[in-house]
1. Is there a residue being basic (Lys, Arg), assigned to a helix (DSSP H, G or I) and modelled with pLDDT under 90 anywhere in region B:100-111?
2. Quick check: is even one residue across region B:183-191 more than 14 Å from chain A (Cβ to nearest Cβ), part of a helix (DSSP H, G or I), crowded, with 18+ Cβ neighbours inside 10 Å and touching a residue at least 60 places away in the same chain (Cβ under 8 Å)?
3. The conditions are (1) under 24 Å from the mean Cα position of the chain (by Cα); (2) away from every other protein chain (no Cβ under 14 Å); (3) without any contact (Cβ under 8 Å) to a residue 40 or more places away in the chain, and residue B:220 fails exactly one of them. Which is it?
4. For region A:173-202, how many residues are part of a helix (DSSP H, G or I), within 14 Å of chain B (Cβ to nearest Cβ) and of a type outside the set (A, V, I, L, M)?
5. Just to be sure before I move on: is residue A:95 assigned to a helix (DSSP H, G or I) and within 14 Å of chain B (Cβ to nearest Cβ) in the structure I sent?
6. Could you figure out which of (1) of a type in the set (S, T, N, Q); (2) within 13 Å of chain A (Cβ to nearest Cβ); (3) more than 24 Å from the chain's Cα centre (by Cα) isn't true of residue B:209?
7. Taking region A:464-489 as the search range and keeping residues that are at the interface with another protein chain (Cβ under 10 Å from one of its Cβ atoms) and of a type in the set (S, T, N, Q), which one is surrounded by the fewest Cβ atoms within 10 Å (Cβ to Cβ)?
8. Considering every residue within region A:398-417, establish whether at least one is touching a residue at least 60 places away in the same chain (Cβ under 8 Å) and hydroxyl-bearing (Ser, Thr, Tyr).
Amino acid sequence: MLSFVLRRIGVSILILIAASFIMYTLVSLAKDPLTDLYASNSPNKDALIAQRIEWLHLDQPIPVRWLGWLGGAARCVIPFGGCDLGVTIQNQPVSVLLGRAVSSTLQLVTAATILAIVLGITVGIISALRQYSAVDYSFTFASFFLYSLPSFLMGVILKVFVALGFNNWLRDPVFTWAWIIGLSLIAGIFWQAVIGGPRNRRLVVFAASVLVTGLMLYGMTVTEWFLDPSLGPIIAPLLIAAFGAAMVLLIAGARARYAWRTAGATVIVLIGAFFLLQRFLPLFGVWGVILLFCLAGIVGAVAGFFLGEFDKGPAIRIGILTGILGMGVIIVDQYLHTWNSYINNPRINGRPIPTVGSETPNLQGDFWIQSTDTFMHLLLPTISLMLISFAGYTRYARGGMLETLNQDYIRTARAKGLPERTVVVRHAFRNSLIPITTIVAADVGALIGGAIITERIFAFSGMGALFNSGLNNSDPNPVMAYFVVIAVVAITFNFLADLAYSALDPRVRVK
Amino acid sequence: MTIPMGANFEAPSEPAAEPTKVVTADEKGLSQGRLIFKRFIQHKPALISILLFVLIVGFAISATGIFGIPGWWQWNYTSLLPIQNNGMPTLTLWPFSLGDHPFGQNNVGKDYFAMVMRGLVNSAYIMFIIGGIAAFIGVVVGAIAGYYRGWVDSVLMRLTDIVIVIPIIVVGAVVGSAVGGLGPLVLAIFLGFFAWTGIARLVRAEFLSLREREFVEAARVAGASDARIIFKHILPNAMGVVIVSTTLLIAAAIILETSLSFLGYGVRSPEVSLGLLISQNEAAFQTRPWLFWWPAAFIVILSLLVNFVGDGLRDAFDPRQKRIRFSKVKDLPKDAVVESGLSADVPEGVVMTRTGAASNSGVSSEEPDEQSFEPETRR
């Protein structure tokens, strides 16, 4: 195992070096960094050219220049080695720019990746379980459609319809009757198709979802919910309890008493916390919120440990998930409370969904206002990135699940009388996750690279912008810095994928 | 790729009932190629997609002309015309008429129909050239690596790793910014040189497993040369992987080309491509939305159609994920013959795979409640 890891790292470094040479040559040949100066008519043109040649070592042949660059880049690996990724054509050190770009890109892709994985796998599995049903066909078509949509198209469409549309609508946030009826019917059709079952059950589900959605939309209209939203003292506890119940049904099944007890205890603590925290939450900062999530998880784990009887593992999982999701409800409620003062802020002026940038300049406000602002700026790019990778994951999850469901051990599990939930969640789902891990890992690297287009559309200054402006200004070093990060991330994640694969599937052994 | 061909046939009923055997064309001893073709034809979305694709691209080519042969459309994509009717599209569907400028005119008066058709042709042929070059290099590299193994394999696969490390959009942007001005053909050829890695890996894996099979050994014993074994014996068996991955690569290539053109690294003005048209008219969205919608619609349609074709091909070559559920007799394939059943009724809920292997729907993934609705014929 150790020799595998060491050998793999050695080979990866060699690959990286070779690829960096190819890339360096390509970038150097693609554009001449002096282009803009040749065209300039400033009096000290020659001095500027000489200066830039000196900064970028343009007097040396490309391989020599590459060696110098490699030497500087290699020092990034050594701690306190003095990281040197060269300078831009303006003589700024690239490593400083890179640090800023990496952090803002991570901000952008983290949520998108997590959401895409969770939603993609869920939808893929539902699709597989209802193979050749209307749901399956609709999801399949939707994922093909999203898959065929270039990201720039998605970005532009989101900007025009979601951002402008929502902002205009928010001036007078009223659902007309046509909207209420239409949306309720869509919700009804969706839920009855997803939940499925015999005709009677479908009808009940359909009626219930139409009614609930209709009432909700109507209620939102009369109370002008979108201008001053909140979950309130009734809906928030109900939501927390619903999350608890969902975790129980998903992980342990309806007949597991210990699971109900665990989730129940966690939910009671959280509902208590919800009422207790109401007054203090506005004073919390980012660390306070993180602490709250940790505490909620710990409460859940403790509940699971003491109430789990013989199934401590699943009970602890239920507890932790219920705790974190419930705390999520509490935090979301607090954000909703902030919403009104956010949209009425003079800098926002009632148009909360921005289409460019990563923050509103000169926005005054506490942690909640500031982070709402960040969320709103991340909203559209995140949706755009999410939908694109979501499409792929849905296809893979569906395919993997179908292949697993055709296996003999699934037949065995059914034959020995296990409930359908156990067969799907324990036997099929876990095994179908194995191939998905590899794809997810490979995709995370690609997602950072793929953000070039999305970042450009939303004028977001992350890694993609670094690359783009570097290439546009014929500036080789930022492009190379971008490449190094992408390549290292890709190689690392591929490596992790292989390790994970061999850990998950005992038939695969690394050697 | 091994396709289980009728080998694992099971009677579609439980022991108590009379076995009812359904024979489809799959079992009549057709050749592999015919079977795959049949499965592809039966995949309706894929079939419709390929027809539509040919139709759309053919229409575009006939409108703009090709290889210097002029098309039937009156305007050229570069000619500046007086703006009529504020550049609005003149296309009317009922009664159908194209009018002078069916897709409108852009802000300097160029006929947008000519531009979109020209862009469509450019995008289509760029994606085929990328796909063709990538498939060729990928097959050669993968075949040699997988067949010879050893140090040849190591060297070629490390080479593949080196290219794979550079994301295609990055290398595309760099290459495009260098050669994009030289025209779409040069751009496509250069992009093809960096897109082959996925195919190479798949073909190699396929060759590694196929080279151990008996028919390869037989060919070797009979004195066949390496080249003959690779191209005559192994490659035809690996065609499934090649065709499917090339189709999917072509679908990815259209996105790559349009994205690069959108970013300004791909096709350059005055030449047009669908991505370039969107990038030029993004700002005009509020005032002249049709300038945005026509190219956008064609990008999505082309890419969607190719993806559907790829999906259909994958199902045709590798039907492992296919489980066709015939709940009614009329849903059976036309050539199905009910052989040894007591009646011509196929029991409801019989699950049939395309390979002819049929089994009980107890194995299918439906909820138990749904099965209780089925009649008791098979119980």
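The values are calculated or read from the model by the stated rules, or taken from the named source; none is laboratory data. Since the structure is predicted, the reported quantities are computational estimates derived from the model, not experimental observations. Note that we place each Cβ from the backbone using ideal geometry, even for glycine, and neighbour counts take in every protein chain shown.
1. No, because not a single residue in region B:100-111 is basic (Lys, Arg), assigned to a helix (DSSP H, G or I) and modelled with pLDDT under 90.
2. yes
3. (1)
4. The number of residues fulfilling the criteria is 5.
5. Taking the combined requirement at face value, the residue does not satisfy it.
6. Only one criterion is unmet by residue B:209, namely (2).
7. A:472
8. No, region A:398-417 contains no residue that is touching a residue at least 60 places away in the same chain (Cβ under 8 Å) and hydroxyl-bearing (Ser, Thr, Tyr).
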